[in-house]
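Asks: Just dropping this structure here.
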Amino acid sequence: MENNINIEIVEQGSPEVPSLIKYISSSEVAGFDTSDFQFPSPSSKGSEATSQGIQHDAPLVINHQRKYSVSMPLSSEEVELPPLDGKTDGIPISSSQSATATSNHPQQSKCYSQPMPKGHVLQEEANGDKVNNHPGIKAFKDKRFDSFKTWSGTLERQLSILRGKSPRATAQDGNNTPRNIERPLPVDRYFDALEGPELETLRASEETVLPQDKKWPFLLRFPISCFGVCLGVSSQAILWKALATSPSTQFLHISLKVNLVLWIISIVLVTIIFTTYLLKIILYFEAVRREYYHPIRVNFFFAPWIALLFLALGVPPSVTKNLHHALWYILMIPIFCLEIKIYGQWMSGGQRRLSKVANPSNHLSIVGNFVGALLGASMGLKEGPIFFFAIGLAHYIVLFVTLYQRLPTNETLPKELHPVFFLFVAAPSVASMAWANIQGSFDYGSRIAYFIALFLYFSLAVRINFFRGFVFSLAWWAYTFPMTGAAIATIRYSNKVTNGVTKTMCVVLSLISTLIVVALLVTTILHAFVFKNLFPNDLAIAISDRKRKPQRKWLGLRYRSHESKEIENYLKFVNPDTIDLEASAPQPNGTEESPSI
């Protein structure tokens, strides 16, 4: 087409077109940038003649509105132009040679610019090279999260050591500052860098190893406290099973179908949360390790196994009535291993001694013993349930006294009013039922534990301020099953002592626990799908190993130099006519002293 245009211009006898524009038009590449800038011709006279000819000659408006810009390559090595015969610097000299030049142009190397030439993207799509722009995949491929990835972090360092290379002890964060990710953070760093009732809020003076201005991948934002949802729903399945099968609540005419529906929902939730957190372990093991060393979240590692114990206790009679004994051993082995690790740290006197890390969430590590004893006794086992009941009782007494004393070194007890204190009710409630199953009746030992739980429940419920001024968190779900446990223990007690008061307490406590679970479920759904802030960036696992800079304002007051003291004395007596502040204050008799001259 370009050849036809040039031939038509020559035939009509138009003024000479600048050779540079003619060469560019003949070598046009689709997709080059366009701009409003027009290149001048080598001869100023030729350009004036061309502009006058185009203005007066209507048929020559072929290239009038066509504007060109030359896109240069990034480097001189990318483009190599072969020599052009009969041209000076690659441009035809005169218009008489234009017809010959347009018919025999040398093959030029294509120079890619922005945007790319036409058809390039289609060719990439045809070859399967299209880049996936999904935000989740982009976040996963972000290099700033490599230090938390299992395959690009720890495994690469281990493979490099096997190849004989020196291990990489440091990594780069978003601010290009070195940090150590090999050794676990000491517990003091969590206390120094975090604040809040669950140590989940980053202090203003601290920095993180992950970017705060970007939304993290979902697995990094998925905390271990999500298993509290399983605890709340699965405990409701046990509650409605007790309401449907207990003699003291037969007047309510509760169907076992409610228990079946709640049990199925619990299985679905446990499966989803288990699978999601398993993916987090596989892909982001560093984040899981940091949660394990967190002084509060380490207690939530008992929650998955307690939830499975709740599912075994709440299994509907229509599904099965007798569970195999091997199930109890399988579920109690992980709990036993965690207890050896955590209880040993409590006694060792190190950084994680109980007097330093004690907080109400430690009850989760105690409740596992009593729930295991309750399930084992209901299966007909004897020695195993007594063993775990004894371990739980010993450590519950120590923890109860430690939390009640509020030692000066216990920095984790929150000052904020928070429902975390309802975990005080969980252990004695479950312990009363476990001892009743071990003994075969709700005897005095079970009643003592039940009355302790009931007193703690009422002492917390009458304090209305405990339900004000806090922000929603997924960890709240872990505080629902203590109320459910108190309601189930009340049903067991009413079976032994049946009267109007115990029946009323069964209905009231069951209704309160159910309403709280429903309210939390609605709140969780709203935060997940309406507000979309259920899983914010988990800053608690992204704190750096560097301590914050200490405040040094007091250094100038304590170690003042001689010159500063002289300056202070000079300023004190530089203006003797200035009225002293104490002298200007009114005297008790209503008179003021006149300043001395």
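Asks: Go through (1) touching a Leu at 6+ places or on another chain (Cβ under 9 Å); (2) within 15 Å of Ile391 (Cα to Cα) for Phe336 and report which single condition fails.
Replies: Of everything listed in (1) touching a Leu at 6+ places or on another chain (Cβ under 9 Å); (2) within 15 Å of Ile391 (Cα to Cα), Phe336 misses just condition (1).
Asks: Please work out if Leu279 is open to solvent by less than 60 Å² (accessible area, probe 1.4 Å), part of a helix (DSSP H, G or I) and modelled with pLDDT of 95 or more.
Replies: no
Asks: Do you know which of the residues in the stretch 239-251 that are open to solvent by less than 60 Å² (accessible area, probe 1.4 Å) and hydrophobic (A, V, I, L, M, F, W, C) is nearest to Lys149 (Cα to Cα)?
Replies: By that ranking, first place goes to Leu239.
Residues are listed down the side, and each one gets a yes or a no for (1) modelled with pLDDT under 95; (2) open to solvent by 20 Å² or more (accessible area, probe 1.4 Å); (3) in contact with a Ser or Thr (Cβ under 9 Å, 6 or more places away or on another chain):
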site: Ile448; (1), (2), (3): no, yes, yes
site: Ser459; (1), (2), (3): yes, yes, no
site: Phe470; (1), (2), (3): yes, yes, no
site: Arg492; (1), (2), (3): no, yes, yes
site: Leu521; (1), (2), (3): yes, yes, no
site: Leu534; (1), (2), (3): yes, yes, yes
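Asks: Give just the number: which of (1) touching a Cys at 6+ places or on another chain (Cβ under 6 Å); (2) farther than 30 Å from Ala540 by Cβ does Val507 not satisfy?
Replies: Every condition holds for Val507 apart from (1).
Asks: Pick out the one residue from Leu381, Leu364, Leu331, Leu338 that is open to solvent by less than 40 Å² (accessible area, probe 1.4 Å), part of a loop (DSSP other than H, G, I, E, B) and hydrophobic (A, V, I, L, M, F, W, C).
Replies: Leu381
Asks: If you go through the stretch 478-535, how many residues are among the β-branched types (Val, Ile, Thr), part of a helix (DSSP H, G or I) and more than 20 Å from the chain's Cα centre (by Cα)? Reasoning before the result, please.
Replies: Applying the first criterion (among the β-branched types (Val, Ile, Thr)) to the stretch 478-535 yields 480, 484, 488, 490-491, 497-498, 501-502, 504, 507-508, 512, 514, 516-518, 522-525, 530.
Adding the requirement that they be part of a helix (DSSP H, G or I) leaves 484, 488, 490-491, 501-502, 504, 507-508, 512, 514, 516-518, 522-525, 530.
Still in the list and also more than 20 Å from the chain's Cα centre (by Cα): 484, 488, 490-491, 501-502, 504, 507-508, 512, 514, 516-518, 522.
So the answer is 15.
Asks: Right, Phe310: among the aromatic types (Phe, Trp, Tyr), closer than 26 Å to Gln236 by Cβ, open to solvent by 10 Å² or more (accessible area, probe 1.4 Å) and under 30 Å from the mean Cα position of the chain (by Cα) or not?
Replies: When the stated conditions are applied, Phe310 passes them.
The values are calculated or read from the model by the stated rules, or taken from the named source; none is laboratory data. What you are looking at is a predicted structure, and each value in this text was computed from that prediction instead of being measured. Note: ideal-geometry Cβ built from the backbone for every residue, glycine included; neighbour counts use all protein chains shown. Just the protein is used for accessible areas: all its heavy atoms, side chains included, with ligands, DNA and RNA removed. Shrake-Rupley method; radii C 1.70, N 1.55, O 1.52, S 1.80 Å.
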